[in-house]
Amino acid sequence: MSLPSALLDRARVAARPQVTGSVSGAMGLTLTVDGLAAAVGDLVEIDPADRRLFAEVVAVGRDRLTCMPLGTLSGVHSGAPVRATGMPLQVPVGEALLGRVLDGLGRPVDGGPPLGSRVSYVDLASETPHALSRTRVEEPLTFGVRALDTLVPCGKGQRLGIFAGSGVGKSSLLAQITRGTDADVRVIGLIGERGREVREFLEENLGAEGMARTVVVVATSDEPPLVRLKAAFVATRIAEAFRDEGRDVLLLMDSITRTAMAQREVGLSAGEPPATRGYPPSVFAMMPQLLEKAGTGTTGSITGLYTVLVEGDDHNEPIADTARSILDGHIVLTRKLATVGHFPAIDVLESISRVATAVVPPAQMADAREVRRLMGALRDVKELIEIGAYQSGSDPLVDRARGLAPQIDAFLQQPMGESTPAPESWDWLQRIVRSA
Ligand SMILES: Nc1ncnc2c1ncn2[C@@H]1O[C@H](COP(=O)(O)OP(=O)(O)OP(=O)(O)O)[C@@H](O)[C@H]1O
Ligand SMILES: [Mg+2]
């Protein structure tokens with residue numbers, strides 16, 4: 001009988017003689033360890049007798065390791081014993097994770113039973129599918145949100161950004177999508193959010209029904225930057241494992257901006273120079289690495305939805321700019337709509353899905369295009385209408401758009417708790433286009 005190689009590796013690690021090194025210095029976010037051999041990317045355990053603090057080896061010298069702690073350094077003293085684990089961070093994967101809430105390092109934090117042997121463990125690092133081995137995005141993935149399913153349609157394996165200022169409804173939209181989507185599995189990464197909000201998100205927005213087919217990975221804003229950064233990769237790694245089983249996964253990340261901020265803290269403390277608006281180069285290297293992991297594989301797919309915080313409506317902010325250039329489409333939420341109570345506050349005309357024509361049949365596409373045309377016509381003369389300078393009858397398209405505006409508005413607005421199956425949304429849209 002042959003043992004699985006992962007099991008053999010573990011047995012080898014366990015059987016190795018234990019060598020203990022010691023902490024020789026700690027400054028900022030880095031820690032130096034003497035007298036221990038380890039590879040870059042491996043985890044070491046500091047002061048194992050006291051509490052479980054892990055650190056990742058980021059650089060190795062002749063007999064000194066430079067490590068970054070995955071926890072707070074307070075209480076770590078020089079000379080504290082350090083043990084090599086012999087492996088990089090291990091991420092739990094598998095069906096048993098559904099319904100569970102994990103911390104940024106993949107450990108359960110929901111008070112539920114230990115994961116034990118019901119999950120398997122894999123290295124955090126993974127192969128990104130090669131561009132040519134990826135299947136094309138051809139099938140729609142629906143969200144149960146009318147404005148998105150019809151006017152900004154998403155395909156299985158597509159990666160979309162949700163761009164918005166603070167408090168415009170990004171997280172609420174993610175929750176609505178999580179409950180309404182037809183994806184097999186949902187993985188949510190909550191990165192750098194306020195602790196108070198996480199509970200609210202899980203209990204009120206997501207609810208028990210939303211949790212059932214969902215895995216949540218949380219690293220709140222008070223966690224060390226490396227943990228926040230890892231959390232984004234841990235959530236993605238869990239999604240990759242489901243994809244590799246042939247499943248269609250929806251990965252929702254709130255937010256990519258805070259993930260980039262975590263990388264900035266890590267980069268700056270490692271001595272990188274700040275480049276674009278205080279972001280060191282490693283931030284712009286990390287973003288494609290993370291975002292390219294989503295998408296289609298040879299089997300299965302990861303559809304990625306990433307929220308991007310646009311501060312002060314500056315859409316050219318470097319993180320938003322980089323995200324936009326990597327992603328296959330964007331959903332724009334505007335404060336203008338949110339303040340008048342139009343939710344979800346999606347600016348349909350500014351939102352674009354690059355795969356729309358590939359995933360929507362031509363007849364439906366024509367209806368969607370017509371609604372966009374009507375909305376566009378109305379937007380162009382909005383100011384004229386407001387000041388009373390528009391004369392009815394001067395443009396038949398505008399007149400038609402004005403007549404249909406209340407119906408279009410009713411279609412686009414959708415209360416939080418409501419989910420509309422895509423066929424119903426398309427029928428509704430068709431009724432609007434065919435009426436009057
Ligand atoms: N579909 C909706 N229906 C009604 N109200 C909504 C809806 N979506 C959002 N809101 C309102 O907008 C507020 C902010 O929403 P949310 O927390 O989702 O925004 P956010 O963009 O994630 O904010 P932050 O940038 O702080 O993370 C909510 O508290 C709620 O009052
Ligand atoms: Mg939010």
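No value in this document is a laboratory result; all are computed from the given coordinates. Keep in mind it's a predicted model, so treat the numbers as computed, not measured. As a convention, Cβ positions derive from the backbone with ideal geometry for all residues, glycine included, and neighbour counts pool all protein chains shown.
Per-residue HN-Hα couplings for the stretch 142-150, Karplus 6.51 cos²θ - 1.76 cosθ + 1.60 at θ = phi - 60°, whole Hz, x for Gly and Pro?
3J(HN,Hα) across the stretch 142-150, in whole Hz: 9, 10, x, 10, 4, 4, 7, 4, 9.
Comparing LEU268, LEU102, LEU43, which has the greatest mean-square fluctuation in the GNM of the chain with Cα pairs linked when under 10 Å apart?
LEU268
Is the stretch 161-268 rounded, prolate or oblate when judged by the Cα gyration tensor, a ≥ b ≥ c being the square roots of its eigenvalues, rounded requiring a/c under 1.5 and prolate requiring a/b larger than b/c?
Oblate is the answer for the stretch 161-268, as a/c is 1.5 or above yet b/c matches or exceeds a/b.
Report, in deg cm²/dmol and to the nearest 500, the calculated mean residue ellipticity at 222 nm for the chain, where each DSSP H run with n ≥ 4 adds -39500 (n - 2.57) and the sum is divided by the residue count.
So the helix-based figure for the chain works out to -10500 deg cm²/dmol.
Sequence neighbours fewer than 8 away in the same chain don't count; with that in mind, list the lysines whose C-alpha is under 24 Å from LYS156.
LYS170, LYS293
Summing +1 for each Lys or Arg and -1 for each Asp or Glu, what net charge is found among the other residues whose Cβ lies under 10 Å from the Cβ of LEU429?
Overall, the nearby charge balance is -2.
Can you list the HN-Hα couplings for the stretch 205-210, worked out from phi with the Karplus curve (6.51, -1.76, 1.60; θ = phi - 60°), rounded to whole Hz and with x for Gly and Pro?
With coefficients 6.51, -1.76 and 1.60, one gets 6, 7, x, 5, 5, x Hz.
Is the shape of the stretch 385-430 rounded, prolate or oblate, going by the alpha carbon gyration tensor and its root eigenvalues a ≥ b ≥ c, with a/c under 1.5 for rounded and a/b larger than b/c for prolate?
oblate
Which residue, PRO224, PRO396, PRO415, has the most motion in a Gaussian network model of the chain that connects Cα atoms within less than 10 Å?
PRO396
Please report the relative contact order for the stretch 138-224, taking Cα pairs under 8 Å with a sequence separation of at least 6, and give it as a percent rounded to a whole number.
Value for the stretch 138-224: 30 percent.
Tell me, what is the percent relative contact order of the stretch 282-401, built from C-alpha pairs under 8 Å that lie six or more residues apart?
14
Have a look at SER221, SER351, SER394 and tell me which one the Gaussian network model of the chain (Cα, springs below 10 Å) gives the largest fluctuation.
Residue with maximal mean-square fluctuation among SER221, SER351, SER394: SER394.
Which ³J(HN,Hα) values in Hz, rounded to whole numbers, follow from the phi angles of the stretch 53-59 under the Karplus curve 6.51 cos²θ - 1.76 cosθ + 1.60, where θ = phi - 60° and Gly and Pro get x?
3J(HN,Hα) across the stretch 53-59, in whole Hz: 10, 9, 9, 9, 6, 10, 8.
Compactness ratio of the stretch 123-188: Cα Rg over 2.2 N^0.38 Å, N = residue count?
Dividing the Cα radius of gyration by 2.2 N^0.38 Å gives 1.31.
Considering only the other residues whose Cβ falls under 15 Å of the Cβ of ASP367, what net charge follows from Lys and Arg at +1 and Asp and Glu at -1?
Counting the neighbours of ASP367, the net charge comes to +3.
For the stretch 68-100 and the stretch 229-270, what is the separation of their C-alpha centers, rounded to whole Å?
The two parts, judged by their Cα centres, are 17 Å apart.
Given bins 20 angstrom wide, list per bin the percent of all Cα-Cα distances in the chain, short to long.
24, 51, 20, 5, 0
Counting alpha carbon pairs within less than 8 Å and at least 6 residues apart, what relative contact order, in whole percent, applies to the chain?
The normalised contact order for the chain reaches 17 percent.
Please say if the stretch 302-436 is rounded, prolate or oblate, where rounded means a/c under 1.5 for a ≥ b ≥ c the square roots of the C-alpha gyration tensor eigenvalues, and otherwise the choice is prolate for a/b larger than b/c and oblate otherwise?
Cα axes put the stretch 302-436 in the oblate bin.
For the stretch 240-367, what is the largest minus smallest coordinate of the Cα atoms on each principal axis, given in angstrom and ordered from greatest to least?
55, 44, 21
For the stretch 216-295, state what percent of all Cα-Cα pairs lands in each successive 5 Å bin, counting from 0 Å until the bin that includes the largest distance.
3, 15, 25, 22, 17, 10, 5, 2, 0
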